[in-house]
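Worksheet: one structure, shown below.
Readers should treat all values here as calculations from the given coordinates under stated rules, not as data from a laboratory. Bear in mind the structure is a predicted one, so any value in this text is a computation, not a measurement. Neighbour counts run over all protein chains shown; Cβ positions are idealised from the backbone, glycine included.
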Amino acid sequence: MLLVGVAASTGSPGAGTARAAARRPNILIIVTDDQTTGTVLPAVMPNTVREFVRRGRRYPNFFVTDPLCCPSRASIMTGRFDHNNGVTDNSAAGFHLDMSTTLQHYLHEAGYRTWISGKFLNGWQYTPGSPNPPDWDHFTVTRGGKHLRLDFNQDGKFFNYPRYADPLIEQQALKYLADTESSDAPWFGYLALTVPHGPYTPMTPYKHIPMRVRQPTPSERERNISDKWPGYAEHAKYGFAARSWLAQLRMLRQADDIVGRVIAQLKSQKELQNTIIVFLSDNGFLFRAHQLYGKRLPYTEAVKVPAMIRWSGHIPAGSVWKRPVTNVDLAPTLLNAAGVAPSPAPLFDGRNIFDDAMHRHEVLLEQWHEPGHVRQAWQPTWASLRSPTWQYIEYYDASGAITFREYYNLTRDPWELHGAIAATQAQGNPRIAALHRQLAAARTCAGADCP
């Protein structure tokens with residue numbers, strides 16, 4: 001629906017090419033780190049509400065297929081599930097990404113100028129002697145995971161930055177954005193902030209901004225988690241983590257101010273109208289929902305994230321798309337909108353969400369245990385299918401054998417308080433047997449066969 005056609009040129013071939021390139025949309029992806037749903041509010045992120053909620057399209061059922069930083073970002077960049085792109089955890093051992101299969105590669109090959117500022121991929125290296133990230137004309141990249149004393153690679157120069165990282169990330173993004181004015185070529189930018197990832201330490205000007213702590217949700221008040229995977233019990237702690245939640249909101253105000261300044265520069269460069277801007281988080285976070293604290297978990301608070309897109313003249317302002325979508329949908333959607341058709345055609349697992357006919361019944365979610373990660377060693381390997389009305393989860397041991405199952409009727413139990421099955425109850429249940437077969441197929445799916 002939104003393929004950008006290239007009109008026949010008139011005059012010199014070079015002039016025609018320049019005009020065709022000018023008609024292609026610019027693309028900007030803004031990624032926050034560990035931002036939970038329910039935080040894009042006028043009192044917290046007024047610029048984001050104004051520029052995306054009111055002037056773009058909101059996706060209230062947007063899921064990340066793996067609620068962990070590096071795997072999620074790999075899926076954003078490749079349009080493929082992590083079982084296909086080779087990124088299964090945050091460590092270098094779980095990082096096997098073919099960088100020629102990324103959105104930045106395809107756009108760069110098609111003549112887009114590319115830049116990135118901020119958190120890139122945890123499995124990449126950021127120390128002297130490490131390779132530069134390919135397919136970016138300009139880059140200021142870091143591993144992230146904290147906010148102070150981060151290692152950076154800035155256009156081939158390696159250094160440790162002792163201060164809070166996000167002002168540097170913003171500065172470089174605005175510089176790279178300004179540099180695009182020197183060419184008629186379309187551009188692709190990727191702005192990835194370190195906030196609101198823990199440690200929950202807002203910058204000094206934001207530490208005491210008045211924010212209201214919301215009431216705990218039903219899942220944060222859940223007393224009995226015996227229907228959940230048994231391994232969670234020894235790490236469970238009752239009580240909403242209100243202090244961390246409040247700090248997250250203040251850090252999001254930092255992010256929102258950066259969003260406002262980026263939008264202002266796009267306006268001043270007269271590029272806002274011809275730029276597709278995506279705003280999303282790489283994953284969510286549990287502030288003790290189900291008595292758990294973390295993100296590598298199959299529950300709503302970890303896998304559903306804030307996501308919005310604006311594209312003036314193409315996406316109706318203030319619109320809402322309620323169908324389930326995922327981060328693997330972004331790469332094929334944006335390439336289609338840019339009129340870029342790589343050859344040979346990539347095998348995307350995602351779909352074009354700008355196509356009004358796009359629909360899926362459920363989404364695949366997956367997560368792998370990360371060996372050797374001491375703090376997170378208790379978080380298991382699992383996979384899940386989730387539809388608007390139900391969620392089915394399987395947990396696996398090191399051999400791949402199923403150790404536990406969970407099923408939730410989301411119509412009656414939207415907060416996932418009452419698991420309908422346990423491991424011993426699954427035997428002989430035809431509904432569960434069918435879901436197991438469906439999930440087993442999804443875990444090895446590729447391309448159009450994926451949910």
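With each pseudo-label sitting 7 Å past Cα toward Cβ, what's the S268-D356 distance in nm, one decimal?
With each label placed 7 Å out from Cα toward Cβ, I get 3.9 nm.
Using every alpha carbon pair in the stretch 55-150, what percent of pairs falls into each 10 Å bin from 0 up to the bin containing the largest distance?
15, 43, 35, 7, 0
Between A178 and S343, what is the label-to-label distance in nm when each label sits 7 Å out along the Cα-to-Cβ direction?
Rounded to a tenth, the inter-label distance reads 4.0 nm.
Enumerate the aspartates and glutamates that K157 could reach by cross-link, defined here as Cα to Cα under 13 Å, with residues fewer than 8 away along the same chain left out.
The qualifying aspartates and glutamates are none; the list is empty.
Roughly what would the spin-label model give for S387 and L148, points 7 Å off Cα along C-beta, in nm?
Going by the 7 Å Cα→Cβ label model, 5.0 nm.
Across the stretch 275-384, what fraction of all alpha-carbon pairs, as a whole percent, falls in each successive 5 Å bin from zero upward?
Histogram of Cα-Cα distances, whole percents per bin: 2, 9, 17, 19, 17, 14, 11, 7, 4, 1.
For the stretch 18-361, what value does the Rg/Rh ratio take when both radii are computed over Cα atoms and Rh is the Kirkwood radius, given to two decimals? Don't skip to the end; give the middle numbers.
On the way: Rg = 19.4 Å, Rh = 20.4 Å.
Result: Rg/Rh = 0.95.
Could you give the dipole magnitude of the chain about its Cα centre, charging the beta-carbon of Lys and Arg +1 and that of Asp and Glu -1, in debye to the nearest 20? Numbers along the way, then the final one.
Details: 47 positive and 39 negative charges, 277 e Å.
Computed about the Cα centre, the dipole is about 1320 debye.
Past the 23 Å Cα-Cα mark, which pairs from K207/K304; K237/K322; K119/K304; K119/K267?
Values: K207/K304 27 Å; K237/K322 33 Å; K119/K304 20 Å; K119/K267 25 Å.
In this structure, K207/K304; K237/K322; K119/K267 exceed 23 Å between Cα atoms.
What does DSSP give for the chain in terms of the percent of beta bridges that are antiparallel, rounded to the nearest 5? Working shown, then result.
Details: 36 of 63 bridges.
If I count the DSSP bridges inside the chain, around 55 percent turn out antiparallel.
Alpha carbons only, please: Rg and Dmax for the stretch 339-407, in angstrom.
17.0, 46
Below 15 Å, Cα to Cα, which aspartates and glutamates can K295 reach? Residues fewer than 8 away in the same chain don't count.
Straight-distance partners of K295: D33, D34, D66, D89, E220, D282, E366, E370.
How large is the dipole of the stretch 320-420 about the Cα centre if only Lys and Arg carry +1 and Asp and Glu carry -1, each at its Cβ, rounded to the nearest 20 debye?
180
Residues of the stretch 112-134 with the amide nitrogen closer than 12 Å to a label point 7 Å from the Cα of A92, along Cα-to-Cβ, please.
Only 123-131 pass the distance filter.
Using the scaling law 2.2 N^0.38 Å as the reference, what is the normalised Cα Rg of the stretch 130-210? Walk me through the numbers on the way to the answer.
Numbers: Rg = 14.3 Å, N = 81, 2.2 N^0.38 = 11.7 Å.
After normalising by residue count via 2.2 N^0.38 Å, the value is 1.23.
Run through the stretch 208-246 and list the trypsin sites (Lys or Arg not before Pro) located in a DSSP loop whose Cβ has at most 10 other Cβ atoms within 10 Å.
Numbers: sites: R212, R214, R221, R223, K228, K237, R243; in loops: R212, R214, R223, K228, K237.
Loop-located and lightly packed - R212, R223, K237.
Just going by the charge dipole of the chain, with Lys and Arg at +1 and Asp and Glu at -1 on Cβ, which of V53, H197, I309 is farthest out on the positive end?
Checking the options against the dipole of the chain, the answer is V53.
Normalising by the residue count of the stretch 18-361, find the relative contact order in percent from Cα pairs under 8 Å and 6+ residues apart.
Working: 740 pairs, mean separation 110.2, N = 344.
Dividing the mean separation by the residue count of the stretch 18-361 yields 32 percent.
Over all alpha-carbon pairs of the stretch 77-202, lay out the pair-distance distribution in 5 Å bins, whole %, shortest bin first.
2, 11, 19, 22, 21, 15, 8, 2, 0
For the ranges 380-388, 433-441, 287-295, what's the packing order if you count other beta-carbon atoms within 10 Å of each residue, average per peptide, and put the highest first? Intermediate values should be presented prior to the final figure.
Details: 380-388: 19.9, 433-441: 15.1, 287-295: 22.6.
Averaged packing, sorted descending, gives the order 287-295, 380-388, 433-441.
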